[in-house]
1. Pull out the extension gain between GLN440 and ARG68, defined as 0.36 nm times the separation in residues minus the alpha carbon to alpha carbon distance; nm, one decimal.
2. Restricting things to alpha carbons, tell me how big region 62-140 is in terms of Rg and Dmax, in Å.
3. Are there trypsin sites (Lys or Arg not before Pro) in region 399-448 that DSSP marks as loop and that have at most 15 other Cβ atoms within 10 Å, and which are they?
4. Where a Cα-Cα gap under 17 Å defines reach, which aspartates and glutamates qualify for LYS376, not counting those fewer than 8 residues away within the same chain?
5. Which of rounded, prolate or oblate describes region 245-374 when judged by the alpha-carbon gyration tensor and an a/c cut-off of 1.5?
6. Please sort 291-302, 343-354, 276-287 by packing, taking for each peptide the average over its residues of neighbouring beta carbons within 10 angstrom, highest first.
7. Output the 0 to 90 degree angle, nearest 10, between the alpha-carbon long axis of helix 350-374 and the longest principal axis computed from the alpha carbons of the chain.
8. Please list, by residue number, every one of the chymotrypsin sites (Phe, Trp or Tyr not before Pro) in region 1-85 that is coil in DSSP and has at most 15 other beta-carbon atoms within 10 Å.
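The values are calculated or read from the model by the stated rules, or taken from the named source; none is laboratory data. Everything numeric in this text was worked out from a predicted model, so none of it was measured. Positions of Cβ are generated from backbone atoms using ideal geometry, with glycine treated the same way; all protein chains shown enter the neighbour counts. The accessibility values were calculated without ligands, DNA or RNA, using every heavy atom of the protein model including side chains. Shrake-Rupley method; radii C 1.70, N 1.55, O 1.52, S 1.80 Å.
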Amino acid sequence: MNPLATELNAALAGTAAEALLSGLGRRMYFPKGIVAQSAEAKKGATRANATIGIATQGGKPVFLPTIRSLVPQLDPEEIFPYAPTQGVEKLRELWKKDMVRKNPDIGDSKFSLPLVVPGLTAGISTLADLFADQGDTLVLPDLHWDNYPLIFETRREATVDTFPFFTSAGGKSTSGGDKSTSGGDKSTSGGGFNTPAMEETLSRAAKKGKVILLLNFPNNPTGYSPTVEEARAIVDAIRRVAATGTKLLVITDDAYFGLYYEKGIYEQSLFGRLCALHENVLAAKVDGSTKEDLTWGFRTGFITFGGKGLTDAHYEALTRKLMGALRSTISNSSILAQSLILRSLEDPERLAQKAEAGKILRERYLCARSILARKKSTAIEPLPFNSGYFMSFHVKRGTAEALRKALLTGGVGTISINDRTLRVAFSSVDVEKLEDLYEQIYAAAEKL
Ligand SMILES: Cc1ncc(COP(=O)(O)O)c(C=O)c1O
């Protein structure tokens, strides 16, 4: 093992973070190589800086005017050079400040400075590199983003253990955990988030002493976010599992943060409650500008750690592990995208503009709700939804794939998540087209 990795492991000794590291995570370090030496030279090399592999003239990057003229308000330094591995410092600070504004439940809990990654996918994959080993268990609701199994099972050889997302309408758990990775047939409409099934599945996995839980609200594909009471119950359940001695990495995928359409929803990230919950819990928040600031193709996301009892030195060690993981994969994220997000975070107009964009989605949500309230079908039933970009149907007759194909023949695109679940992204359909969209879906479902 490289002595720098040994040093970082020693800095983390005795923490849940250390116990949760994968083999790769234990071996990972940030080399004192080109990038670190260049960063040092940036401060100290006043005479000539012959460190970094970019072309400069008079200390400024050499660039093509054709490119530069497309972004006239930014300085060349904000457009062309490499960004630091961990991201532009000021952007990290502003994102952290904004995180506290958006999540008052963080209170005075200590958490790390967000580290920049090229999108949330890279954030989740980097966490999987550092914390998931062959045979480790990742607990997920049965309705989840299909990239999670690809990352954790296919790449990292972890085992995915799922539980039914929703309770039945009566509020009871429908079953105690579905082992299928592609999502099961067990989520039924009418209920809320199935915390008892989550706890049961976590407790079963916890017998190994280590478990990874990934929660994504507002959820893809259901469009569901927990109520205030449900959020409390989820956090209590995690605390109970942690109290048994098991170490938990809890990842919150907050891709759709901020898009809440009903009263009573917990309008914060669970990260805020998790980062001071229990010494055995390491919380990792993955978020970004992708959906929150409508910059899907920018590839700007963040990873932030929080854990009860963790000190600045622990966060520094974790950050250096992350930096090593990034240096050895994507190297660094686009400076242009980071500069644009940074400038926008400084702009007082940003929040009002975000609210305007949010109104477009809220209008579609309300329209979809009122259409669905008028529809009846024995073939399909909407699953609960209250937030985000999506809603899903529980397909009771035929299969979701057959329904998807039938719809496509008629010019309507939807996604079959599994045999029984059809996802509709109302976020990407103009409000005037929603009536026809749902008309087509119900008509096609009747023919199944
Ligand atoms: C739940 C969830 N997480 C993460 C992502 C990906 O985010 P990014 O485009 O920033 O990688 C998506 C995108 O569809 C998503 O639905």
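1. 129.2 nm
2. Every Cα atom of region 62-140 included, Rg and Dmax give 17.7, 52 Å.
3. Here the sparse-neighbourhood loop sites are LYS447.
4. Qualifying aspartates and glutamates at Cα under 17 Å: GLU435, ASP436, GLU439, GLU446.
5. On the way: a/c = 2.40, a/b = 1.39, b/c = 1.74.
Oblate, because a/c is 1.5 or more while a/b does not exceed b/c.
6. 276-287, 291-302, 343-354
7. 20 degrees
8. Numbers: sites: TYR29, PHE63, TYR82; in loops: TYR29, PHE63, TYR82.
Of the chymotrypsin sites (Phe, Trp or Tyr not before Pro), the ones in loops of region 1-85 whose Cβ has at most 15 other Cβ atoms within 10 Å are PHE63.
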